[in-house]
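Q: Sharing a structure below in structure tokens format, with a few things to ask.
The values are calculated or read from the model by the stated rules, or taken from the named source; none is laboratory data. Since the structure is predicted, the reported quantities are computational estimates derived from the model, not experimental observations. Here the Cβ is made from the backbone with ideal geometry for all residues, glycine too, and neighbour counts use every protein chain on show.
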Amino acid sequence: MTENLSPGRPALETIAASHGVASDTAFGAVTPPLYMSSTYTFEGYDQPRAHDYGRSGNPSRDLLADALAKLEGGAGAVITSSGMAAIDLLLGQFGPDDLVLAPHDCYGGTYRLLNARAERRQFQVVFVDQSNDRALDAALEDVPALVLIETPSNPLMRIVDIAAIAAKAKSAGAAVAVDNTFLSPALQRPLTLGADYVIHSTTKYLNGHSDVIGGAIIAADPAQVEVLRKWANVVGSIGAPFDAWLTLRGLRTLFPRIERQQLTATVIANHLEHHAAVARVHYPGLKSHPGHTIARRQQRGYGAMLSFELVGGVEAVRRFISHVRMFTLAESLGGVESLVAHPATMTHADMGDEARRIAGISDGLLRLSVGLEDERDLIAGLDLGLSAC
């Protein structure tokens, strides 16, 4: 999983594990201190220090931002209060005449946010199947200001070619943003594939312990980093210092966590693919997955998220949920514990029946976030649910 960087630069694993370690000049603390202050002294009249007020800057938040920027290969990052706040921070750069081109099968919260902002005429939005070249090309003819990409998609794990879409989008004059929450920079680095922005819900894999809500946006261009920082200060969508400190602590183990989780996810996906109660498995690591070849090219692993459809539809889902063990019924993902979600009634409920139908999110679909438990226990727990279907 190690990526070779330019000579003299540390590996990504090293950055995640050690960025900011032993950097405290006051007391020599090995672990970076937590700065909770809301305000900072000025050296004198009209002489602010590096930080003056907590909304505009905080050392703990800045340290996390710097770590994420290095991991994604960006010029800088802004840490926000949630993943949705990170997306909204970017959307705040566009006006009523601007068009945002979004995936038709994106995360339900993203879909809801885009529609809510568009209904207030803050910009225009069009949802398109980005894996359909003809549909994408037609949408690009309308000259969008932003193309938002989500790959793998939530919850169907669809894969789109970031480099190809980015090239087309830039030819049309659009900026490109990629939601990289499902894979993290451990497995995918969209900026190296031509994206202008990378968005994260740091709540998920980056923190990895289901105890923090947070977000981040990383930009390739230093000028855009500054624009986002200023706008975050204007609207106050910044993350809390303690949340940033906890997320940095979680980041230390990102690479070993996700490596182990995706190994288990691969075993589970293969098990489900051959189970009589399962109609279809959505996991890019399977050779049967339509996006497997693209995923192998642009990713350094297939991740620990997967979804599957039960033969018996929604009634089978009810029985599965009642009998499954080891997988907790809950939203969110990317933690050390394994979770199961029913997108139609949970994460994507607000999309509405018709939008879910167009996206292909059926009532029989279940989404798994594979944790760090032993794979034998997880498979046994799944089989208890499947045997009831």
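Q: Among the residues of the range 67-89, is there at least one that is among the polar types (S, T, N, Q), within 22 Å of LYS230 (Cα to Cα) and in contact with a helix residue (DSSP H, G or I) (Cβ under 6 Å, 6 or more places away or on another chain)?
A: yes
Q: Within the group ASP179, ASP105, which residue is buried (at least 24 other Cβ atoms within 10 Å of the Cβ) and at pLDDT below 95?
A: Values: ASP179 fails: at pLDDT below 95.
Of ASP179, ASP105, the one residue that is buried (at least 24 other Cβ atoms within 10 Å of the Cβ) and at pLDDT below 95 is ASP105.
Q: Looking at the range 91-189, what helices (runs of 4 or more DSSP H) fall wholly within it and have at least 3 residues that are more than 30 Å from THR266 (Cα to Cα)? Break it down stepwise before answering.
A: Working: elements: 108-119, 133-140, 162-171, 184-187.
Output list reads 108-119, 133-140, 162-171.
Q: Restricting attention to the range 89-109, which residues are farther than 12 Å from ALA177 by Cβ and within 15 Å of the chain's Cα centre (by Cα)?
A: Restricting attention to the range 89-109, the residues satisfying the condition of being farther than 12 Å from ALA177 by Cβ are 92, 95-99, 104-105, 107-109.
Correct list: ASP105, TYR107, GLY108, GLY109.
Q: Answer with yes or no whether THR203 is in a loop (DSSP other than H, G, I, E, B) and touching a residue at least 40 places away in the same chain (Cβ under 8 Å). Full working, then the answer.
A: Details: in a loop (DSSP other than H, G, I, E, B): yes; touching a residue at least 40 places away in the same chain (Cβ under 8 Å): yes.
Here the answer is yes, as THR203 does meet what is asked.
Q: Going by what's in this entry, would ALA29 be described as exposed (fewer than 14 other Cβ atoms within 10 Å of the Cβ) and either at positive phi or assigned by TED's automatic domain parsing to the domain that holds TRP245 (or both)? Full working, then the answer.
A: On the way: exposed (fewer than 14 other Cβ atoms within 10 Å of the Cβ): yes; either at positive phi or assigned by TED's automatic domain parsing to the domain that holds TRP245 (or both): yes.
When the stated conditions are applied, ALA29 passes them.
Q: Yes or no: LEU228 hydrophobic (A, V, I, L, M, F, W, C), under 26 Å from HIS282 (Cα atoms) and crowded, with 17+ Cβ neighbours inside 10 Å?
A: Details: hydrophobic (A, V, I, L, M, F, W, C): yes; under 26 Å from HIS282 (Cα atoms): no; crowded, with 17+ Cβ neighbours inside 10 Å: yes.
Taking the combined requirement at face value, the residue does not satisfy it.
Q: Taking the range 346-371 as the search range and keeping residues that are without any contact (Cβ under 8 Å) to a residue 40 or more places away in the chain and in a loop (DSSP other than H, G, I, E, B), which one is farthest from ASN270 (Cα to Cα)? Walk me through how you get there before you give the answer.
A: Going through the range 346-371, the residues without any contact (Cβ under 8 Å) to a residue 40 or more places away in the chain turn out to be 346, 352-354, 356-357.
Among the residues that remain, those that are also in a loop (DSSP other than H, G, I, E, B) are: 346, 352.
Details: MET346: 25, GLY352: 31 Å.
By that ranking, first place goes to GLY352.
Q: Condition first: at pLDDT 95 or above, among the β-branched types (Val, Ile, Thr) and either crowded, with 21+ Cβ neighbours inside 10 Å or closer than 12 Å to SER369 by Cβ (or both). Now tell me which residues in the range 325-347 satisfy that.
A: THR328, VAL336, VAL340
Q: Let me ask something else. Here is a check on your reading of the model: is ARG296 under 19 Å from the mean Cα position of the chain (by Cα), of a type in the set (D, E, K, R) and under 16 Å from GLN262 (Cα atoms)? Write out each step before concluding.
A: Details: under 19 Å from the mean Cα position of the chain (by Cα): yes; of a type in the set (D, E, K, R): yes; under 16 Å from GLN262 (Cα atoms): yes.
For ARG296, the condition - under 19 Å from the mean Cα position of the chain (by Cα), of a type in the set (D, E, K, R) and under 16 Å from GLN262 (Cα atoms) - is met.
Q: Can you find a residue in the range 29-52 that is in contact with a Leu (Cβ under 8 Å, 6 or more places away or on another chain), of a type outside the set (Val, Ile, Thr) and at pLDDT 95 or above? Spell out the reasoning first.
A: Within the range 29-52, the first condition is being in contact with a Leu (Cβ under 8 Å, 6 or more places away or on another chain), and the residues that meet it are 32.
Next, from what is left, pick out any that are of a type outside the set (Val, Ile, Thr): 32.
Adding the requirement that they be at pLDDT 95 or above leaves 32.
Taking every residue of the range 29-52 in turn, at least one turns out to be in contact with a Leu (Cβ under 8 Å, 6 or more places away or on another chain), of a type outside the set (Val, Ile, Thr) and at pLDDT 95 or above.
Q: Outside any helix (DSSP H, G or I) and either modelled with pLDDT of 95 or more or among the acidic types (Asp, Glu) (or both): is that true of ILE87 in this structure?
A: Numbers: outside any helix (DSSP H, G or I): no; either modelled with pLDDT of 95 or more or among the acidic types (Asp, Glu) (or both): yes.
So ILE87 fails the test.
Q: If you take the residues of the range 251-302 that are among the polar types (S, T, N, Q) and assigned to a loop (DSSP other than H, G, I, E, B), which of them is farthest from PRO185 (Cα to Cα)?
A: That would be SER288.
Q: What are the residues in the range 308-345 that are aromatic (Phe, Trp, Tyr) and assigned to a loop (DSSP other than H, G, I, E, B), if any? I'd like the intermediate steps shown before the answer.
A: First, pick out the residues of the range 308-345 that are aromatic (Phe, Trp, Tyr): 308, 320, 327.
Matches in the range 308-345: PHE327 only.
Q: Kindly list, by first and then second residue, each pair from a residue in the range 32-52 that is closer than 21 Å to ALA22 by Cβ to a residue that is among the aliphatic types (A, V, I, L, M) and modelled with pLDDT of 95 or more, limited to pairs with Cβ atoms under 8 Å and residues at least 6 apart or on different chains.
A: Short answer, once both residue conditions are applied: PRO32/VAL21; PRO32/LEU63; PRO32/LEU248.
Q: Check whether at least one residue in the range 207-215 is assigned to a helix (DSSP H, G or I) and in contact with a strand residue (DSSP E or B) (Cβ under 9 Å, 6 or more places away or on another chain), and report yes or no. Give the derivation first.
A: The initial filter retains those residues of the range 207-215 that are assigned to a helix (DSSP H, G or I), namely none.
Checked the range 207-215: no residue is assigned to a helix (DSSP H, G or I) and in contact with a strand residue (DSSP E or B) (Cβ under 9 Å, 6 or more places away or on another chain).
Q: Follow-up question, since we're still on this one. List the pairs whose first member sits in the range 85-111 and is under 13 Å from LEU146 (Cβ atoms), whose second member is of a type in the set (Val, Ile, Thr) and assigned to a loop (DSSP other than H, G, I, E, B), and whose Cβ atoms are under 9 Å apart, counting only residues at least 6 apart or on separate chains?
A: Correct list of pairs: LEU99/VAL143; PRO103/THR151; PRO103/VAL160.
Q: Can you tell me which condition ILE358 does not meet? The list is (1) out of contact with any strand residue (DSSP E or B) (no Cβ under 9 Å at 6 or more places or on another chain); (2) modelled with pLDDT under 95, and all the others hold.
A: (1)
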